[in-house]
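The values are calculated or read from the model by the stated rules, or taken from the named source; none is laboratory data. Just so we're clear, the structure is a prediction, and the values are computed from it rather than from any experiment. Quick reminder, even Gly has a Cβ in these numbers, built from the backbone with ideal geometry, and neighbours come from all protein chains shown.
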Amino acid sequence: MNPATPTLEAYRPARHFAARDTWLNDPNGLVFLDGTYHLYFQNNPYGNVHGNLSWGHATSTDLVDWVEQPVAIRCDETEEIFSGSIVVDQENTSGLGAAGTAPLVALYTSAYRPASEHQGTQAQSVAWSADGGYTWTKYAGNPVLTRNSPEFRDPKVFRYEGPAGSYWVMAAVEALDFAVLLYRSDNLLDWTYLSTFGPANGTGGVWECPDLFELPVDGNPERTKWVLTVNMNPGGPNGGSAGQYFVGHFDGTRFSSETTVTEGLQDDSRLADYHWLDWGRDYYAAVSFSNVPAGRRLMIGWMNNWQYANRIPTAPWRSPMSLVRDVWLTEIAGQPRLVQAIAPEVTAGAVAAARTEVAVAGSVAVDGGTPVQLLHVTFTPESADVFGIVVRGTADGTAGTRISIRPGAGSLVLDRTLSGDTGFDPSFASASTAPILPGPDGTYSFRIFVDHCSVEVFGQDGLVSMTELIFPDPAHSTISLFADGGTAGASLQLWDVA
Ligand code: FRU
C-alpha cells in the first residue's frame, strides 16, 4: 500500500465517497435496504490504478458519511468482477435465500482471465448475500448468461411490474455494437432475450453501464415514461467518457425512444443535439439505486474520465464518486427531459456564510471561507458579453476554475485551465461547453457544489449539469464574480459545507 502523502491526501473530498487507499471506478450494485444505502464500486483491492477488478463496498445512512466495508466480491485467478447491479429478491424467486427470506442478488460481469475455461469472454454471473450485503457467495452455476462475446457486460436488473406481467428485466451492453440488450427472467438465473436498442445518438465510443427506469412526468403518477441511460467512452460532448439518455416507452419487451436524434452509426457532428446526463468531463458510468422508497430515483456517477483516470494526482486513493443526485422528468416544449439536483441530504446542515447582491463590472472577489461550498448564483444579463463566477481562485485572478455564460452563444463554459495541478495529463487542462438558456425571467441561475477536488454545476433548473475534477492549491478559496465587456447583475448565496 502507498504511504499517505499529506499534499495529495488534501484532495480527499468532504462530501463525496472515495476509497480509503485504493483505486475506484464505476458505482455498482447501488441498493437501499432497511435504512442503509449500499454503494459497491469497481475496486482494485491491491493498488490505486485500474486492475484486479473486484467489488468494493461502502455504506451510509444519510448519503453523506460513507463507511468503507470489507471488499464484497473479490477477483480470483479465473475472473475479474466487472460492473453490475443488485436487487432485493423479495419473494426469493432465485431460491438462493433460506426459506422465507429475501436474499440480495448481485448480477455482475465475469471478465474471464486466461486461467478460466471461458477465457476471452465477458458473461453475466450471480452472487448472493444473506446478511444484508456484507458477505457474498458466488453462484455455482455461473455464468448465468453468456453470448461467448468478449464485450458483453454491465447488467442492470430491475423488477418489471406492468401490463406485460411481473418479472425481472436485465439491461446489458454489447459494447462494441453500441447496443443495449434486454433479457427477462423469473428467477434471476435463467434469462431469455427480449430485444436490442441501438445504435442511436452518440456512438463515438463503446457503450457501457446502461440503466432503464420508469419516472412520472412532472410528478404525475398517471403519466410515466421510461428513461434509458447509457454511458459511452470515448466520444463524450467534451471529450472522453460521458453518459447519454433516451426517454420513451418500455412495453415489457422493447424500449422505444422518443428522443432519438440520429439512428445508426454517426460521426460526431450532432453531439450538441444529444441528451447528456452531464456535459462535464467527469461524470461517468452513472447508474441508479434500486429499492429506494417513495418512487425516488437516486443516481451516482464515477467522477473521472478514462482519458486520464489512472493519472489524477491523488494518493493513496484514486477517484471519487459524484454527489448523490435526485433525477426526475419534465417536459420542455413537449419534449421529455431529465432533470437533476443534488440530493437534499447532501447539503443538509450547511451553514449560510454570506450573501452578496452586486452589479458586476470587471471582477468582484468574495472571501470563499472554507473550500467546500454550496453556491446559489443568479446572473441578470446587462451589457456584458460574458459573465460568470470563478471558484477555488485567488484574489489576484491568476488561479481558479472559471464558469462563464455567453448569452449570445447560448453557452455555459467550465474552464479548468488555471484550476491548479493540470500537468499530469495533456488532455486535462480544458474548457468544456454546454448549451444553456435563461429562465423565463431572463436570468441564469446555478447551483454549484465545490469540494476539495471537484466542481458540480447545475443550471437551467437542473436541465444542464457539468461535473469536473480540479486539483487546486488547498489554500485557494476565493470566489469572484466577473463581467467582461460591460456589466451584469449577480446575486450570490454561499454556504460553508465542511
Ligand atoms: C466502465 C467499465 C465497464 C466495466 C468496468 C470495468 O467504466 O469499462 O464497462 O464493467 O468499467 O472496470
Criterion first (more than 23 Å from Leu8 (Cα to Cα) and either under 19 Å from the mean Cα position of the chain (by Cα) or at pLDDT below 95 (or both)) does Leu437 satisfy it?
no
- Task: Report whether or not Leu182 is surrounded by 21 or more Cβ atoms within 10 Å (Cβ to Cβ) and within 22 Å of Ser257 (Cα to Cα).
- Result: yes
For the range 33-59, the count of residues that are surrounded by fewer than 17 Cβ atoms within 10 Å (Cβ to Cβ) and closer than 19 Å to Val324 by Cα equals 3
Result of the Cβ filter at 9 Å on the range 239-255, keeping first residues that are assigned by TED's automatic domain parsing to the domain that holds Pro210 and partners that are among the acidic types (Asp, Glu) and away from the ligand (no atom under 16 Å from the Cβ), at least 6 apart or interchain, is Phe246/Glu258; Val247/Glu258; Gly248/Glu258; His249/Glu258; Phe250/Glu214
Being charged (D, E, K, R) and within 16 Å of the ligand (Cβ to nearest atom) narrows Glu214, Glu258, Glu208, Glu222 down to just Glu208
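Let's see how each residue does on (1) within 16 Å of the ligand (Cβ to nearest atom); (2) closer than 20 Å to Tyr37 by Cβ:
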position	(1), (2)
Ala272	no, no
Asn291	no, yes
Thr314	no, no
Met321	yes, yes
Ala333	no, no
Val339	no, no
Val351	no, no
Residue hits (the range 429-479; at positive phi and either assigned to a strand (DSSP E or B) or crowded, with 19+ Cβ neighbours inside 10 Å (or both)) are Gln460, Gly462
Scanning the range 185-208 for residues that are out of contact with any Ser or Thr (no Cβ under 9 Å at 6 or more places or on another chain) and of a type in the set (Val, Ile, Thr), the one surrounded by the most Cβ atoms within 10 Å (Cβ to Cβ) turns out to be Val206
Yes or no: the range 169-185 includes at least one residue that is out of contact with any Gly (no Cβ under 7 Å at 6 or more places or on another chain), assigned by TED's automatic domain parsing to the domain that holds His38 and part of a loop (DSSP other than H, G, I, E, B). no
Just one listed residue, out of His38, His57, is within 16 Å of the ligand (Cβ to nearest atom) and in contact (Cβ under 8 Å) with a residue 40 or more places away in the chain, and it is His57
Practice problem: Determine, yes or no, whether Asp65 is away from the ligand (no atom under 16 Å from the Cβ), among the acidic types (Asp, Glu) and farther than 27 Å from Arg20 by Cβ. | Solution: no
Inside the range 209-232, the number of residues satisfying the requirement of being buried (at least 21 other Cβ atoms within 10 Å of the Cβ) and among the hydroxyl-bearing types (Ser, Thr, Tyr) is 1
Just one listed residue, out of Ala72, Ala111, is within 12 Å of the ligand (Cβ to nearest atom), of a type in the set (A, V, I, L, M, F, W, C), outside any loop (DSSP other than H, G, I, E, B) and more than 20 Å from the chain's Cα centre (by Cα), and it is Ala111
Scanning the range 414-428 for residues that are of a type outside the set (Gly, Ala, Ser), surrounded by fewer than 20 Cβ atoms within 10 Å (Cβ to Cβ) and under 20 Å from Tyr283 (Cβ atoms) gives Asp415, Thr417, Thr422, Phe424, Asp425
Those residues of the range 480-491 that are surrounded by 21 or more Cβ atoms within 10 Å (Cβ to Cβ) and farther than 20 Å from Thr398 by Cα come to a total of 2
For the range 25-35, the count of residues that are within 16 Å of Gly84 (Cα to Cα) and either in contact with a Cys (Cβ under 8 Å, 6 or more places away or on another chain) or more than 16 Å from the ligand (Cβ to nearest atom) (or both) equals 3
Of the candidates Leu298, Leu265, Leu277, the one satisfying the condition of being modelled with pLDDT under 95 and not polar (S, T, N, Q) is Leu265
All-but-one check, Asp186 against (1) within 20 Å of Gly248 (Cα to Cα); (2) modelled with pLDDT of 95 or more, failing number (1)
If we keep only residues of the range 188-203 that are in contact with an Asp or Glu (Cβ under 9 Å, 6 or more places away or on another chain) and touching a residue at least 60 places away in the same chain (Cβ under 8 Å), then the residue nearest to Gly97 (Cα to Cα) is Leu188
Next item on the list: Inspect the range 6-23 for any residue being touching a helix residue (DSSP H, G or I) at 6+ places or on another chain (Cβ under 7 Å) and under 24 Å from Val372 (Cα atoms) and give the result as yes or no.
Entry: yes
